[in-house]
Amino acid sequence: MSRGILFVLSGPSGAGKGTLRRLLFQRLPGLAYSVSCTTRQPRPGETEGVEYHFVSEEAFREMIAQGRFLEWAKVHDHFYGTRASDVREVLERGLDVVLEIDVQGALQVKKAIPEAVTLFIDPPSVEELERRLSCRGTEAPEERRLRLMNAKAEMEQARSYDHRVVNDHLEEALEDLAHLVEFYRGKRMKEGTP
């Protein structure tokens, strides 16, 4: 059985990466989602172990000290991280893994696993991003401002990614994303990666 491919999906808050990831999983079989840990509080409708593992800051810092994260970062005043064991176990079973993580984390993953495929989800514009953040209504105005400020910095890092997908029209962005995943799967088949 060949080892799975690690796909790293990033983009600023409001770019639509979560929506694209969910739709990608509906479209393509054989994908696994690695649930990250976070110290932020669950949003309405989020479930422990589905969107995130919600942990205390103390527990998160302990996992950092134990070296249990493949990547971790402090973003928007909260910690986020991906447990290395979760990702490696699924890849060894031959499933392709999708991480939905921030830019800081993606750069750490690429350093640790150079063959990981990094995919940046771009909003069509900063103005549209601001509109999306306002419409979803999940953050207070001051947190929304912080996310927008961070988004601008994240978008500047997008050039370090293997590929960029602009999420202007959802179906077109999904098509582009699915095409990229299928391209790398096809490449693995041709190369006969063990």
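The values are calculated or read from the model by the stated rules, or taken from the named source; none is laboratory data. Values in this document were obtained by computation on a predicted structure and should not be read as measured data. No Cβ is skipped: glycine too gets one built from the backbone with ideal geometry, and neighbour counts run over all protein chains shown.
For segment 142-167, a residue qualifies if it is farther than 14 Å from Pro12 by Cα and either at pLDDT below 75 or surrounded by 12 or more Cβ atoms within 10 Å (Cβ to Cβ) (or both), and the qualifying residues are Ser160, Asp162, His163. Checking Leu9, Leu28 one by one, the residue that is surrounded by 14 or more Cβ atoms within 10 Å (Cβ to Cβ), touching a residue at least 40 places away in the same chain (Cβ under 8 Å) and under 21 Å from Leu129 (Cβ atoms) is Leu9 and no other.
Pull out all pairs, ordered by first then second residue, where Cβ-Cβ is under 6 Å, the residues are six or more apart or on different chains, the first lies in segment 95-122 and is assigned to a helix (DSSP H, G or I), and the second is acidic (Asp, Glu). That search, which allows pairs on different chains as well, returns Val103/Glu154; Gly105/Glu71; Gln108/Glu71; Val109/Glu71. In the set Glu175, Glu127, only one residue is surrounded by fewer than 17 Cβ atoms within 10 Å (Cβ to Cβ), among the charged types (D, E, K, R), without any contact (Cβ under 8 Å) to a residue 24 or more places away in the chain and over 25 Å from Ile5 (Cβ atoms); that residue is Glu127.
Counting only residues that are without any contact (Cβ under 8 Å) to a residue 24 or more places away in the chain, in a helix (DSSP H, G or I) and of a type outside the set (Lys, Arg), segment 131-140 holds 2 of them. If you go through segment 118-141 one residue at a time, do you hit one that is in contact with a strand residue (DSSP E or B) (Cβ under 9 Å, 6 or more places away or on another chain), among the hydrophobic types (A, V, I, L, M, F, W, C), modelled with pLDDT of 75 or more and farther than 24 Å from Pro42 by Cα? The answer is yes, given that some residue of segment 118-141 is in contact with a strand residue (DSSP E or B) (Cβ under 9 Å, 6 or more places away or on another chain), among the hydrophobic types (A, V, I, L, M, F, W, C), modelled with pLDDT of 75 or more and farther than 24 Å from Pro42 by Cα. Comparison of Leu107, Leu119 shows that the only residue that is surrounded by 14 or more Cβ atoms within 10 Å (Cβ to Cβ), more than 15 Å from Lys17 (Cα to Cα) and within 15 Å of the chain's Cα centre (by Cα) is Leu107.
Residues in segment 65-94 that are free of Cβ contacts under 8 Å to residues at least 60 places away in the same chain, surrounded by 14 or more Cβ atoms within 10 Å (Cβ to Cβ) and assigned to a helix (DSSP H, G or I): Ala84, Asp86, Arg88, Glu89. A single entry from Phe60, Phe54 fulfils the requirement of being without any contact (Cβ under 8 Å) to a residue 60 or more places away in the chain and surrounded by 19 or more Cβ atoms within 10 Å (Cβ to Cβ): Phe60. Using beta carbons and a limit of 7 Å, which pairs, at least six apart or on different chains, have the first residue in segment 180-194 and surrounded by 10 or more Cβ atoms within 10 Å (Cβ to Cβ) and of a type in the set (Lys, Arg) and the second one assigned to a loop (DSSP other than H, G, I, E, B) and modelled with pLDDT of 80 or more? Close Cβ pairs (under 7 Å, with a partner that is assigned to a loop (DSSP other than H, G, I, E, B) and modelled with pLDDT of 80 or more) amount to Arg185/Ile5; Arg188/Ser2; Arg188/Ile5. For segment 40-57, state whether one or more residues are of a type in the set (A, V, I, L, M), closer than 18 Å to Arg132 by Cβ and in a loop (DSSP other than H, G, I, E, B). Checked against the condition, which is being of a type in the set (A, V, I, L, M), closer than 18 Å to Arg132 by Cβ and in a loop (DSSP other than H, G, I, E, B), segment 40-57 yields no hits at all. Of the candidates Glu62, Glu143, the single residue that is more than 28 Å from Asp168 (Cβ to Cβ), out of contact with any Leu (no Cβ under 8 Å at 6 or more places or on another chain) and in a helix (DSSP H, G or I) is Glu62.
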